[in-house]
1. Of all residues in segment 32-68, how many are in contact with an Asp or Glu (Cβ under 8 Å, 6 or more places away or on another chain) and either crowded, with 19+ Cβ neighbours inside 10 Å or charged (D, E, K, R) (or both)?
2. How many residues does segment 7-31 hold that are open to solvent by 10 Å² or more (accessible area, probe 1.4 Å) and out of contact with any Gly (no Cβ under 8 Å at 6 or more places or on another chain)?
3. So which residues in segment 66-104 are within 15 Å of ligand 2 (Cβ to nearest atom), outside any loop (DSSP other than H, G, I, E, B) and over 16 Å from Leu161 (Cα atoms)?
4. Any chance you could count how many residues in segment 103-115 are in contact with a helix residue (DSSP H, G or I) (Cβ under 7 Å, 6 or more places away or on another chain) and at positive phi?
5. Would you please name the residue that is nearest to the chain's Cα centre (by Cα), looking only at residues in segment 124-157 that are within 16 Å of ligand 2 (Cβ to nearest atom) and assigned to a strand (DSSP E or B)?
6. Name, by its number, the condition in (1) out of contact with any helix residue (DSSP H, G or I) (no Cβ under 6 Å at 6 or more places or on another chain); (2) open to solvent by less than 60 Å² (accessible area, probe 1.4 Å) that does not hold for Val119.
7. Among the listed residues Val83, Val101, Val97, Val74, identify the single one that is at pLDDT 95 or above, within 11 Å of ligand 1 (Cβ to nearest atom), crowded, with 16+ Cβ neighbours inside 10 Å and of a type outside the set (Phe, Trp, Tyr).
8. Quick one: Ala167 ticks every box in (1) in a strand (DSSP E or B); (2) surrounded by fewer than 20 Cβ atoms within 10 Å (Cβ to Cβ) except a single one, so which number is it?
Amino acid sequence: MPSSDSADLIQRLAAVDTTSLKDAGAWLRVLPAALRPIRPGARLLGRALTVDAREDLMPVLAGLAEAGPGDVLVIAGHPDHAVAGELFATEALRRGVAGIVIDGRCRDSRILAGLGLPVFARGVAPSACPARAVPVIQVPILIGDVTVRPGDLVLGDDDGLVVGSDAEVREAVDGAEAIQQREGALRAAIEGGESLFDHLNYDEHVAALREGRDSKLNFS
Ligand SMILES: O=C([O-])CC(=O)C(=O)O
Ligand SMILES: [Mg+2]
């Protein structure tokens, strides 16, 4: 059972975007940009249940059989063949799974896009992997050069996927909320007719850069 601290952390993450979280937590991991949502606008948030399915989709079934509410199946898949489609995704929904992330391909994408389950993948393929291997799940997996561990928190939206341990995310969440709030207010001000440049130290920053002085671009 997740602790109330952990439930609270997840609830707070539900209100921040990947951009704010990453801006506040430089140490957080970002999955390769080639992993895209099958349905634009999807938001994904939960805990990684990791699956090594590079050669075979049996581990995906093993992961699915273990998965429950709030889990995100994070699958190391195959470069050319799909490891999940409409049936696995529908079972995931039935179990309350929070989403599926595939370092590889999915299929049945027209139906996946309409299911309401956030699915991120590198792409699609009509062909599936074989289903013959003895499954291995809940091991650290490597996606690009990023390691995802069982239980890591995963936040995904149209800008990508950010991953961190509870401790790593906890370090960033106050800052992420502040950025989210500040940038929302700034955007409203610009929409209301104020110039972005009235809220930036642009001139001073450029002057400092020209003179080789240490400086930082600030939004206020
Ligand atoms: O064999 C697969 O990749 C799984 C599949 O199509 C589905 O879940 O509908
Ligand atoms: Mg299918």
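The values are calculated or read from the model by the stated rules, or taken from the named source; none is laboratory data. Note that this is a predicted model, so its numbers are computed, not measured. Cβ atoms come from the backbone with ideal geometry, glycine included; neighbour counts cover every protein chain shown. Each accessible area value is taken on the protein alone, full model and side chains, heavy atoms only, with ligands, DNA and RNA left out. Shrake-Rupley method; radii C 1.70, N 1.55, O 1.52, S 1.80 Å.
1. Summing the residues that are in contact with an Asp or Glu (Cβ under 8 Å, 6 or more places away or on another chain) and either crowded, with 19+ Cβ neighbours inside 10 Å or charged (D, E, K, R) (or both) in segment 32-68 gives 10.
2. Of the residues in segment 7-31, 10 are open to solvent by 10 Å² or more (accessible area, probe 1.4 Å) and out of contact with any Gly (no Cβ under 8 Å at 6 or more places or on another chain).
3. Result: Ala82, Glu86, Leu87, Phe88, Ala89, Thr90, Glu91, Ala92, Leu93.
4. 1
5. Val124
6. The one condition Val119 does not meet is (1).
7. Val83
8. (1)
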